[in-house]
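Input: a single structure, listed below in structure tokens.
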Amino acid sequence: MKARRIYNRIAALRLERGISRKELAERIGVNFQTVGYLERQEYNPSLDLAIRVSEYFGFPIEFIFSITAMKPMSEELYNHDSDKF
């Protein structure tokens, strides 16, 4: 069975926080190349790694990872805010 592609927001969250791949890798306990593979969707994280990423950024796993292509965060925020009006 072929593995599904797991989409993620790691690059956007990392850039928003102003941290390098190396810094993130050190914080979550992986090689910096692994962060690059994750960001390019060339590698699917284990459940443990997904939890570590989620804990580091302080967001639920489903906000960071998805089996469907994700909308840009700005679009989601705009749509969420427009629901209030």
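Data table
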quantity: Spin-label pair PHE32/ARG5, simplified geometry with 7 Å Cα→Cβ offset, distance in nm; calculated: 2.7 nm
quantity: Sorted largest first, extent of segment 7-82 alpha carbons per principal axis (Å); calculated: 40, 25, 20
quantity: Residue-by-residue Karplus 3J(HN,Hα) for segment 8-20, coefficients 6.51, -1.76, 1.60, Hz, glycine and proline x; calculated: 8, 10, 4, 4, 5, 5, 5, 5, 4, 7, x, 10, 7
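None of the figures in this text is laboratory data; all of them are computed from the coordinates on show. None of these values were measured; they are calculated from a predicted model. When we count neighbours, we look across all protein chains shown, and the Cβ atoms used for this are built from the backbone with ideal geometry, even at glycine.
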